[in-house]
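Step one of this worksheet: look at the structure below.
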Amino acid sequence: MLIEEYPVNDNFRVGLSEHVSRNAYNVDENWGGVCCVSAGFYNEFGAGAYLAFKEFSLEFRYGREIDEPRNRFYFMINYAFMSGKSSK
């Protein structure tokens, strides 16, 4: 993942991100009544944007599988409870 961040001031930041990833998902195979759990994999590339204010951030990310024509949209809200910053 590559992230470009622009600090607007001490508390507010905006940024862009690009990613290439190999992801896994759970596959529950049933072989004649015998359950076998395994993993499936897919490769993905994408881009996103985020806004961060103090310890709170909003992020939107778009991803597309490399091998199949599947699109994925991610929306994330994050809050850092223990960021290691001093509040002095």
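The values are calculated or read from the model by the stated rules, or taken from the named source; none is laboratory data. Remember, it's a predicted structure, so these values are computed and weren't measured experimentally. We place every Cβ from the backbone using ideal geometry, glycine too, and count neighbours over all the protein chains shown. Heavy atoms of the whole protein, side chains included, go into the accessibility calculation; ligands, DNA and RNA do not. Shrake-Rupley method; radii C 1.70, N 1.55, O 1.52, S 1.80 Å.
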query: Once you put a point 7 Å from the Cα of residue 5 and another 7 Å from the Cα of residue 18, both along the Cβ direction, what distance in nm separates them?
result: 1.9
query: For the chain, what is the accessible area per residue in Å², given a 1.4 Å probe and the full set of protein chains?
result: 79
- prompt: For the chain, what number results from the quotient of the Cα radius of gyration and 2.2 N^0.38 Å?
  reply: 1.52
query: Across region 67-80, in residue order, what do the Karplus-derived ³J(HN,Hα) couplings come to in whole Hz, using 6.51 cos²θ - 1.76 cosθ + 1.60 with θ = phi - 60° and x for Gly and Pro?
result: 8, 10, x, 10, 9, 10, 10, 10, 10, 10, 10, 10, 9, 8
- request: Search the structure for amide H atoms under 5 Å from the amide H of residue 66, placed 1.01 Å from N in the peptide plane, and list their residues when 5 or more places away or on another chain.
  value: 43, 44, 45
- prompt: So for the chain, taking the charge dipole from beta-carbon charges (+1 Lys/Arg, -1 Asp/Glu), which of 56, 36, 17 sits furthest toward the positive end?
  reply: 56
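At a 1.4 Å probe radius, carbon and sulfur cover how many percent of the accessible area of the chain?
59
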